[in-house]
Amino acid sequence: IKGWACRCLLDDNAIDSDQAATLLSLALSPGNDPGVASAWIEGFLSGSGSILVHDATLLALIDGWLSGLSDAIFQQVCPIVRRTFSTFAKPERRMIGEKIKHASSGPTRAVLAASDHAYDASRGSLVDPVLALILGDPLP
């Protein structure tokens, strides 16, 4: 519900993108329960993934969070995240995949802001098969 409420505030211009990014960043903080964080994302993205197509900061925050999860926790939250992304229209999933693919060629400002660590392309490429499964399209 908290993620959905944040999205409603953003859609109604009651908060701006930077404020939404701050709330998302807080929800995805390492100390939070991963199940609660993935449910927050599910609420925030319910109905449309277009926000991730148009806001690189929010996309980088979610990407950075997913990339930083341990294998066991990733396995725990993957069904929720996959279910959320499966509700997006195919063109949205394709555009999100393209944006993540292009961002993986080097660290972006948003990825660096979301993490204290530099982006590791070899580690990031490990999630390509899962992203292909989530997005419904094989990544080239």
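Laboratory data are not the source of any read-out in this text; all were calculated from the coordinates shown. Quick caveat, the model's predicted, so the values are computed rather than measured. Glycine gets a Cβ as well: all are built from the backbone with ideal geometry, and neighbour counts include every protein chain shown.
Judged by the gyration tensor of its Cα atoms, with axes a ≥ b ≥ c, the chain is rounded; a/c sits under the 1.5 cut.
Applied to the stretch 59-68, the Karplus parametrisation 6.51 cos²θ - 1.76 cosθ + 1.60 on θ = phi - 60° returns per-residue 3J(HN,Hα) values of 4, 5, 5, 5, 4, x, 5, 4, 5, x Hz, with x for Gly and Pro.
Between residue 78 and residue 17, the simple spin-label model (points 7 angstrom out along Cα→Cβ) gives 3.1 nm. Under the combined filter of DSSP loop state and at most 10 neighbouring Cβ atoms within 10 Å, the stretch 71-102 retains none of its trypsin sites (Lys or Arg not before Pro).
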